[in-house]
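Since the structure comes first, as structure tokens, the remarks are kept for the end.
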Amino acid sequence: MKKLALTSLLAVFAISGANAANIIDGNPLYMPRAGHFYSVTDLGSHSEFTDNWALDEEFGYGVSDKLAITVGAGFAEAAEAAGDDEMFDRYGWTDLRVEATYRAFQDGGIVADIYGGVEAGADYRFGGGLVVHSDMADDNFWFDEDLTGYTWWAGARAGYTSALFTVAGHIEYGYVNSEFLNWGAKGMHALALGLDGQFVIDQDWNLVGGVEYTGITNDNYAYDDLEGAKVEDAGVWTYYFGANYNIDATKFVGAYVNGRAAHATGDWEADDGFGFGFKFGIDF
């Protein structure tokens with residue numbers, strides 16, 4: 001009987017490991033199943049910007065069990081405009097983006113994905129998340145033709161997932177310029193390396209966290225009216241930590257904190273305070 005119970009337990013964990021990446025509970029290897037939609041809504045702010053909030057929506061669809069398409073958009077309040085009376089004078093789009101992910105390999109709990117996408121927005125992908133989470137933000141909140149950058153990226157993610165924990169690493173290259181297909185001109189190049197994890201406490205609760213380093217080279221990158229100095233070795237460290245609660249098998253809510261430290265050509269400087277936010281995710 002003990003042997004049968006142990007065998008059954010191991011079978012449960014094996015099945016759970018194979019399917020854990022398909023459960024929308026904050027798992028960093030999550031991918032929607034074929035024919036399934038998902039939505040993750042993120043409402044965030046910063047401890048130094050008590051009157052400022054940013055809203056981000058990510059919406060995806062599983063074309064097959066190996067291919068998913070995601071679209072997303074960000075909307076935020078600018079720090080310098082927080083005192084304006086009119087709502088639409090205070091808020092603006094920060095980014096619009098689309099991404100495709102292909103599950104190149106899966107054997108039990110071992111998973112490998114390749115992905116790529118493009119983003120338009122003043123809040124370009126590299127630099128540590130939503131601009132509202134940084135005390136360096138000013139006019140870059142506005143989705144404006146004179147400030148909008150276009151980011152192309154491609155990356156790979158691989159890791160192991162089980163019923164108890166998930167760990168996943170990723171490497172990602174990005175290119176930013178001021179026009180959609182401005183490939184021949186000088187722009188900004190970025191290489192990001194990161195590690196994400198999840199620890200399952202029980203069927204209701206799990207913890208998530210991660211860290212990422214992004215190295216940036218700015219080859220005289222400039223907008224129409226903003227000239228950028230050449231930067232050879234800029235870098236950004238970002239981190240986050242959070243807790244998720246599973247409402248049921250297809251819905252979760254979460255809360256998190258995050259932060260960053262950056263340097264251009266001098267010493268590292270950490271942002272004052274920290275970012276915080278709340279998430280709601282659903283698979284349907």
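The values are calculated or read from the model by the stated rules, or taken from the named source; none is laboratory data. Please read all numbers here as calculations on a predicted model, not as lab measurements. Note: ideal-geometry Cβ built from the backbone for every residue, glycine included; neighbour counts use all protein chains shown.
One table, with the values for the structure above:
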| quantity | calculated |
| --- | --- |
| Residue in the range 156-167 that is touching a His at 6+ places or on another chain (Cβ under 7 Å) and at pLDDT 95 or above present | yes |
| Residue in the range 263-282 that is crowded, with 19+ Cβ neighbours inside 10 Å, within 17 Å of Ile24 (Cβ to Cβ) and out of contact with any Gly (no Cβ under 7 Å at 6 or more places or on another chain) present | yes |
| Any chance Leu29 is at pLDDT 95 or above, surrounded by 15 or more Cβ atoms within 10 Å (Cβ to Cβ), under 24 Å from Tyr239 (Cβ atoms) and not hydroxyl-bearing (Ser, Thr, Tyr) | yes |
| Residue that is nearest to the chain's Cα centre (by Cα), among those in the range 172-189 that are modelled with pLDDT of 80 or more and surrounded by fewer than 20 Cβ atoms within 10 Å (Cβ to Cβ) | Tyr173 |
| Filter result (among the aromatic types (Phe, Trp, Tyr) and either surrounded by fewer than 15 Cβ atoms within 10 Å (Cβ to Cβ) or at pLDDT below 95 (or both)) within the range 54-113 | Phe59, Phe75, Phe88, Tyr91, Trp93, Phe105 |
| The range 203-252 - residue that is under 30 Å from Leu29 (Cβ atoms) and aromatic (Phe, Trp, Tyr) and, of those, modelled with the lowest pLDDT | Trp237 |
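Residue by residue, here is whether (1) within 30 Å of Asp248 (Cα to Cα); (2) part of a loop (DSSP other than H, G, I, E, B); (3) at pLDDT below 65 holds:
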residue: Ala137; (1), (2), (3): no, yes, yes
residue: Asn140; (1), (2), (3): no, no, yes
residue: His170; (1), (2), (3): yes, no, no
residue: Leu191; (1), (2), (3): no, no, no
